[in-house]
Each structure stands twice: as structure tokens, then as C-alpha cells.
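For reference, the structure discussed in these notes is given below.
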Amino acid sequence: MVPESTPTTPSTTTFPYLMPVLVKYTGGDRILNNTNNSSESEKYFRFLPGQNIFETNTSGVYKIEASLIFQSLGPYFYVNRTRRNSLEFKFDGFWSQYSGKLCMVGSASWHSNAGNLINLDAVLKLNYPMNLTIFNSLITGKLESLASPNDFEPVSLLEFGSSSYYQYSSSNYQYSLVTGKFDSDCHSGIDIPRNQSLGLHHGSLCYTMNSRGNDVFNLEYLNECSSLKNCTPLGKDDNDELPSEMTLNAIQCSEEQHRVQYVIQFGSGYQYLALDPNTALVGEGSWDEKKNQLCIVACRFLNSTDSLENARVGDCSIRLSLRYPAFWTIRNRTSILGQIWTNKTANESGYFNRITFRNRDNSMAVVSGLRYEYTVTEKVRKSCHFNKPVTKKGNRYPKWNSNDLAFRMSVGDSTGNHYWSYATPSFFDDQNYVLNPFSTPTSIYDTTEVEGKSTHHGPLNITYAIWSYQTSSATSVIFNSTLGISAEGLYDEETGSVCMVGCRKLSTGESMDCELLLKFQFPPVNAIEEGKFRGSIESTREETDPLYFKHLKATGWVYYREDAERSVQRLDLEIVMVLISYTLACVFVGLQIFYVKKNPQVLPFASLFMLVILTLGHMVTLVLNFEALFQGNHKRNNVLLGSRGWLEVNEVVVRAVTMVAFLLHLRLLQLAFSARLGDENQKGIWVAEKKALFVSTTLYVSGLLLALFLNRRNLISYGGLVLDGFLLPQILLNIFHISKENALSHPFYIGTTCVRLLPHVYDLYRAHNFARVQLDGAYLFANPYVDFYSLTWDVVISCGGVLFAVFIYLQQRFGGRCILGRRFREVEMYEKVPVTSSEQ
């Protein structure tokens, strides 16, 4: 294939590496463990040329290095019973720039069935041209064993590659199909006025073609296509059924030449990198400015049935036209529309009837200038009356251009079945919403912005697109796949009311049911209470009509931009509160350690159970959030708020301060335990500790069982409640031991009580000053998932915490049982009377 030559000097010539677009191989079953049941998507290889290339003593022949890697795009790639993801050959050889032939030898390591490591020597022969066209972009070749007998069966290779990445043009690719002759030949036979299609701005061809990724289109055949005869563009009539979908993938584009290279696949969706020559086409396209449409010439893969080595690109008789409709209506929201046909006559082999295709997702095209024609507005005015209801004075509702009118809702029927769906506005009067290309999936309510301004007052024309993403069997009647509902009607921003007529595409045929009435009511923007969204979807048909369905109710929670701004302010405040809280906890426990070192005689009288509760509380906090110290595992809300870095830094600081508080409490526990063990005269305090432990545990377990009975999710919150009442074991210890020792310093028990009650005081403040609809559980302080937070609980826990602190103060001043009745206090005084000897 290539003359063996002697390498001389390093070359500045660049090897024409092709990015794999579609690949396929056959054979090599022994080493690649392919079975007859392997799908095409699992058979994938990569040819990777090395960076070192040398000139030789033969003109146009270069010595190169390369790797050939076989791997799977499926869950696992099996090589002889061992789970592996690749089998890699290393090659050295020669490549002829003029003939495009490549021949290399090399080896790979492989484990046999017996577990032995075997070196596989092989030769690789490829057709790899320098200057590319659509006809020679198809790389073919074979991998063969050099062993005798052969270690593996020959592997036939086929790769269709691109010499550029996305819209970047390539100097070594030549467009050969789209010429001036083709421009005059590219018409679908249907005369569509130019003003009914959107044009492209100068220099925007490559951006437009590549911004949508792999477009999936639904194919619509003529009525006579009940069989495959003269209907399929794949050049064969023996398929089981007609393909229902087509995928267009722009793999290369030249803005200077106004040319685009495409891969076209037919089937149930785009199979990344997997090449089935029987269901794929390749083509080139150019934009026709006179007709505002993209014209494509497509070719088939030929001779790929028997051997991949003989495969080639040919039969370029297929034509495609693609345009962007300039107008939408409630019945037609197609953003990309096109046709496929052939320039062959009906008597020629490979002829097929014209096929129409339209994009499946009905999303708005990136081409600007799209307009909407309202056709059912009068019907809406007759069906809905926009009388001003009696509303709270000062209520404000979302403005039509405020980005607040997209929402998520739950739709259900009377039987309890429900589904979730998204609703996004498309047009307001003559102004359209366009998707923000920098938005993230986490911020559905912030993905749109309005083109233009409007000075209209009163009810305004509005259109919506509604998609279901979680459908139940009882309510799927109004949705067909991903098409959803297209709706058109009126929005009154003075009352927050929306009334629309909707259309749904029926699952059978191309007809539509436009006898739907949708009513929605937005909550006020400035409401402090929960912003609950309500609405309904109903059929206006007679109950005897087969398309009739029962009344459906819609509910949801709308999250406005003002709510987001208030939530950002709340999170900033909570960051400060958390830092203050944990810092004060460190200060107060530090003061207690300093206090007991000055007064070591009081150490044995501190409740060990109380100190264990406080220590475990900080330890659990560290365990639940320990990953924040070492990895950026953050909630999606951080992305929405745009403050990911700020939250990340502060989370690490908070965890560090929590670690300090934990270590200080652990140190205090160690000091108290050591003092208790080191004093042999403290047997009475151990007895009192056991009694306090028994009573405390009994109370805690009873409360836990009650919490589990009421709601299992209250378990973690109950742990927070135990921490709030951390002084209970100390109070019980003082009672049983009749202690009057100042075991706890005032700063410690008063300050720690304030730290535990601060979140509840803040929760009362938060309830009256910030939106109740939170960012998907984004709480940095006073998290309702780790304690009991409500108006009642906040008051009860705060009063209880203050009461416990007062009890400790009274006990350390007047005695352990001073908080009990007079009878118990008399018993205490009696127990303290010294015993008189009988001899006196």
C-alpha cells in the first residue's frame, strides 16, 4: 500500500485528523466479545494519530504514530469476561499524502479465556485522504492479525469524519455538492412566498445551524404511504416500517462559503457516533437568501452490506429544504418546517414520494423576527369576563414583561390523579419571549426575556406553551407526547387573571382539539403569605363527545423575581446569623472552661449527660455537612442565586467554626468526667446522675415515639428540640443531688440558651418579612428540617428555654429543689440537718 521509507527529519505537515461523527466495525469477535445481539451503539472505535510526524526519503510519504481504541458506549465493555472500557492498539507506520493510503503495524495486550496476557500483533490498513470532500470523508480499512495462526478474526472499519469542530471552517475540506447549478435546482415544487419565512442575518449561518444541536423532526408521509413502496428515502423497501423521526446534525460549517455539512439519520432518535449505513445520509447545504430557506443535497452509503471496506458515498439524488416560518398560530407552532424529495423520476430505482418534516419540540427558533397571528381572541372574550374582583388594597400582580409569568403546576382530576407540567409564555401581543441562551435548567422562572416594549392597558393578548413531564393514566388524555397544549387568550395584569383557549394535537392523525378552556389566577407579587397559583383546564365539548374530559384543577406555587431578591437578602442575613451563632457558642463554652479551671471544685457537679448532648449536637452537624470542607457539593439554588462562590466560602468557614465548638465541648466533657472519676467522695453525684439519666431518657424516648407516631419526618427535628432543652439533665441532676453548687457559669448557660433560641426568634422575624416560598429548601439558618419551626413552636420553645435558664439560676442560688413545692423543700432541709451523737 505504502512504500517503506527511512525517516529523516521532523515534519511540519499536519496529519488530517478527522473527528469521528459516525463509526462502525464488524468482526474481531474473539477479542472484542461482540455477539449477534450487540447493538450498533455499542460498537465504537477511535483512531488517534500521534503528534510526532517525520518526513522520509520518499516524497509525500510520512512516518507516523497512532492508536486504535475499541470501546463501548454502553454501560460496560467486556473483554474476555473482564469488565473493561477499552482495548487499545499502538501502531507505527507510513502514510502517503498523495494516495491517501496508510499502513501501520503494532500490538495490544489482551487477556485470553484462561486469564493469560497475550500480545496481539496486528497490521492496520486504512484509506485516509489528505484533501477531503463528502465522497472521500469515509475512512475504510481493516485490522488483521500478524500471528500464525491468527489471534483474531479480521476487523473491518468504517468511519465518517469531520475535519472541523462545529462552526469552525476547515481548509482541507472542499464542498462539492452545493454549487450554482444546485441553487437553481433546489426547489421543492411548492411555491412559498419569501415573506412567510424568516431570513438569516449576515454572518449568522453557522451560529444558527449549530445552536440547536441535533434537531429531531417528525416525518409526515402522504396518505398513500401505507406501505414502504416509493415512500422511504433510504433506498430500500424491505424495512419493517417507515421511520417516524429524522435527526439533522450539522457537523461542519463555512461562514465564508455559506455552506454546511450534515449527517442525517432516520429512526427513533439520534444515535451518537453509531453508524448504520442503511439508515443514515450525509449531505451539504447552502442558504438560499432569495427564498429564505436552507437547501441540502444528501447522499446514501453504498456497498456497505457485504464488507465495510467497499463502502462509499454515492447516489446524491436526495434533496431537502428547510425554512423558519415567519408566523405562528394556535394550530401551527412549527418553528422549523421542511420537505424531502428526490430528483429521480417515478420509474427510476430509489424514487420516493415527497415527505414533510417539522421539528418535534416546537421550541422557538433562534432566528429573530417570529410573529404571532391571534385567531381565537374574540372567543376568549365571550368565554371569560374580566371583571375586577374585590382584592386587597395595594396588591400588585406580575407585569407582562416582568419574566414572572412562567410557572410549574400540578393538574389533577376529582379522583386524585395528577401530573406536573411547565407553562411558558410565547408572545404578548406582538412581542415575543425568547429563550435566554445563558439560562440554566435550575432557573425555569428566569429563562425568558421580552423583545420590545408595549404601552397597552387592560387585558393583553397572550400565548402559552404547556408541556407535561409527569403524566398519570387518568390525565394523559389532554397531552400527546411532548407536544402539550398551545393556548391563546388574554392576561389582565391588574387582577392577575389569565383566560385562554387551548389546542391539543390528537394522537391519531394530524387533527387538533381546540375546544379547551384554560383559566389561571396568579397570586399578588407583594404578598407575604404563600404565593399559591390556582387554575383549571376544562373541555367545552358535550359530555357525550368522545373528546370530552372531566374538569381538571391546577395548583402551583409561583416564584417571582421579587421573591428571589428577598431570598438573596435572606440568605445573606442567614450567613451572618450562622457565623454569629457558632462563634458565640465557641465563646460561651470557652468561658465555661476558663470558669471551671478557676473553680475546679464545681466540675463534678456538671451533668455529663448535658455535655454529651451538646457535644453530639455539634458532631452530628459536622457529619451531615462534612463534605463542604472538601468538595463543592452545593444545592442547585446556589446557581440560581448567582452566589455560588460566596456561599461556598462561608460554608467552609461555618464548618470550621463548628469544628472548634465541637472540640471545645469535647474538652469540657473530658474535664468534667476526669474530675468525677478523680474524686472518690462523689458517689452521691453518680447516683444522682443515673437518676437524672433515667428520667431524661424516659422523657426523650416518650417524645420520640410520639414524634414518630405523628410524622416520621419529625425525627431529625426532634433532635433539634432535645438540643433546645439541653439544660434538662442539669436541672434533674440538681434536684436529685440537692445541689447548690454553681456548676455552670452564668455566661455559659444563659449564653448557650440564647444561641439555641436565636433561630426561633429569627424564624418569627423571617415569617413576617420574607417570602414563604423558599428556594427548594435553601436554608442556611433556622432550617425547618432540623428543628421545630412554626409560630406555636417558636413561642413554646423560646419560653421553655428561658424557663430552664431561670430554673438553673434559682437552683444554683437557693438549692436544687427550690423550684419544687414546699413539701419537697422541707425534705431537702431535713436531709441537710446534721446527725447528733447520742453521747452528747
Just to check your reading of the model, which residue among Thr698, Thr753 is among the hydroxyl-bearing types (Ser, Thr, Tyr) and either outside any helix (DSSP H, G or I) or open to solvent by 60 Å² or more (accessible area, probe 1.4 Å) (or both)? Thr698
Residue set Ala692, Ala707, Ala743, Ala688; condition touching a helix residue (DSSP H, G or I) at 6+ places or on another chain (Cβ under 6 Å), free of Cβ contacts under 8 Å to residues at least 12 places away in the same chain and either surrounded by 13 or more Cβ atoms within 10 Å (Cβ to Cβ) or not assigned by the TED database to the domain that holds Ala782 (or both); output residue Ala707
Where a residue in the range 599-610 is more than 11 Å from Leu727 (Cα to Cα) and assigned by the TED database to the domain that holds Leu733 and its partner, wherever it lies, is open to solvent by 20 Å² or more (accessible area, probe 1.4 Å) and not in a helix (DSSP H, G or I), with Cβ under 8 Å and at least six apart: Asn599/Asn742; Gln601/Glu741; Val602/Glu741; Val602/Asn742; Pro604/Asp679; Pro604/Gln682; Phe605/Glu741
Tabulated pairs, the range 229-248, first under 22 Å from Arg360 (Cβ atoms), second modelled with pLDDT under 70 and in a loop (DSSP other than H, G, I, E, B), C-beta under 7 angstrom, 6+ apart or interchain: Thr232/Asn239; Asn239/Leu228; Leu242/Leu228; Glu245/Ser268; Glu245/Gly269; Thr247/Gly269; Thr247/Tyr270
Is there a residue in the range 567-583 that is aromatic (Phe, Trp, Tyr), buried (at least 16 other Cβ atoms within 10 Å of the Cβ) and out of contact with any Gly (no Cβ under 8 Å at 6 or more places or on another chain)? yes
Only one of (1) within 26 Å of Val23 (Cα to Cα); (2) open to solvent by 20 Å² or more (accessible area, probe 1.4 Å); (3) not basic (Lys, Arg) fails for Gln339. Which number is that? (1)
Find the residue count for the range 108-126, including only residues that are part of a strand (DSSP E or B) and open to solvent by 40 Å² or more (accessible area, probe 1.4 Å). 7
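Rundown of residues vs (1) touching a Phe, Trp or Tyr at 6+ places or on another chain (Cβ under 8 Å); (2) within 13 Å of Glu309 (Cα to Cα); (3) not polar (S, T, N, Q), yes/no style:
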{"site": "His111", "(1), (2), (3)": "no, no, yes"}
{"site": "Asn116", "(1), (2), (3)": "no, no, no"}
{"site": "Leu120", "(1), (2), (3)": "yes, no, yes"}
{"site": "Val123", "(1), (2), (3)": "no, no, yes"}
{"site": "Phe135", "(1), (2), (3)": "no, no, yes"}
{"site": "Leu138", "(1), (2), (3)": "yes, yes, yes"}
{"site": "Ser145", "(1), (2), (3)": "yes, no, no"}
{"site": "Asn150", "(1), (2), (3)": "no, no, no"}
Report, by residue number, each residue of the range 326-339 that is out of contact with any Lys or Arg (no Cβ under 7 Å at 6 or more places or on another chain) and under 20 Å from Glu245 (Cβ atoms). Asn332, Arg333, Ser335
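The values are calculated or read from the model by the stated rules, or taken from the named source; none is laboratory data. Everything quoted here is computed from the prediction, not taken from an experiment. Neighbour counts are summed over all protein chains in view; Cβ atoms, including those assigned to glycine, are modelled from backbone coordinates with ideal geometry. Ligands, DNA and RNA are excluded from the accessible area calculation, which covers all protein heavy atoms including side chains. Shrake-Rupley method; radii C 1.70, N 1.55, O 1.52, S 1.80 Å.
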